Amino acid sequence: MMTSTPCTIEAEPGHRRMPVRRLPLGVGLVLTGPAPAALPAESRKGTTGSRRRLLVRDAGEYLFVGLRGTTGDPAATTGQPAETALAPGDVCFYDARRPPLTDFPAGARAKVFLVPCALLGLADADVPRLTAAPVSRTSRLGALLSPLLSDLAHAVAVARSPVDEMLARNAVNVLATLAAERLEEGARPDRPRSPLVAKILEYVELHLGEPELTPEVIARAHHISVRYLHKLFQEQGTSVGRWVQRRRLEECRRELVLRGHGNRTIAAVAGRWGFLSATHFSRVFRTAYGMSPREWRDTAAGPQGV
């Protein structure tokens, strides 16, 4: 079991280095005092081009998630506006290799999670989409998760092992949920979900680990025909089978990182999320992510410094 220890991380040139609380799973936490000078960052060697600027006008608390371990072009800013205004309580994802420029007024404070992308199940292509705009504190998702993240950050800051490991896992789970929902909301803005579709997707999430989660079972649970169920998913640009398999793979991918050095085998992780055959699981995993489950676990769950 890892014990959290203080360390430091790079700040803007000319600014002091920021103390970081290093936690299990390769997660870092930074709590700033009033008017932080800059967001913590990884090395920016080779970065060029313009950077996004965050406009912070009001005193209060702001939440940031620095995404670590990206391998794409750090200079790419596709989809990111030149300036983004933040309000207290907003959650802003950013690439830790290329942190946005910030101008915090007196009285503003920041809580910053530094999280490896692999823990959140993010591919490099997801990062520009996720960092393009903050999650507003007034949105449905922000209203639910912003105060939870703030409380978790405070709890993690004062916790000691083994409690800090449990809190770090909880923080990762909340951030993974926030990232997944954010990406899904932005994927098909022109296809709003009906209440029935939302109810069906919630049912799928609750029963994702059950191998018998078939279109027939899902349709029967919602008192609709299988044909109508397929029609609903077609309107969302996917199929029932693809949706269930994708969500199972995402959970397996994330758990393989979280438990990469634990006792749970790859076959056990696959079985936990509804895959009856380890061979079939390995085949569809490789098709989806370009590597085997073992290669993913060994690569993503390797040593992670802050």
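Where a number appears in this text, it was derived from the coordinates with a stated rule and is not lab data. Remember, it's a predicted structure, so these values are computed and weren't measured experimentally. For neighbour counting, all protein chains shown are included, and Cβ atoms are generated from backbone atoms with ideal geometry for every residue, glycine included.
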Could you work out how far apart the two model spin labels at residue 144 and residue 181 are, taking each label as a point 7 Å from the Cα in the direction of the beta carbon, and quote it in nm? 0.4
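What is the gain in length, in nm to one decimal, between residue 265 and residue 234 on full extension, counting 0.36 nm per residue of separation less the C-alpha to C-alpha distance?
Working: separation 31, 0.36 × 31 = 11.16 nm, distance 3.52 nm.
Contour length minus the Cα-Cα distance gives 7.6 nm.
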Can you compute the modelled spin-label distance between residue 205 and residue 59, with each label point 7 Å from Cα toward Cβ, in nm? 3.7
Go through segment 123-138 residue by residue and turn each phi into a ³J(HN,Hα) via Karplus (6.51, -1.76, 1.60, θ = phi - 60°); whole Hz please, and just put x for glycine and proline. 8, 4, 5, 6, 4, x, 5, 6, 8, 5, 8, x, 8, 5, 4, 8
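Between residue 224 and residue 245, what's the calculated FRET efficiency when r is the beta-carbon distance and R0 is 25 Å? Round to 0.05.
On the way: r = 21 Å, r/R0 = 0.84.
In this case the efficiency is close to 0.75.
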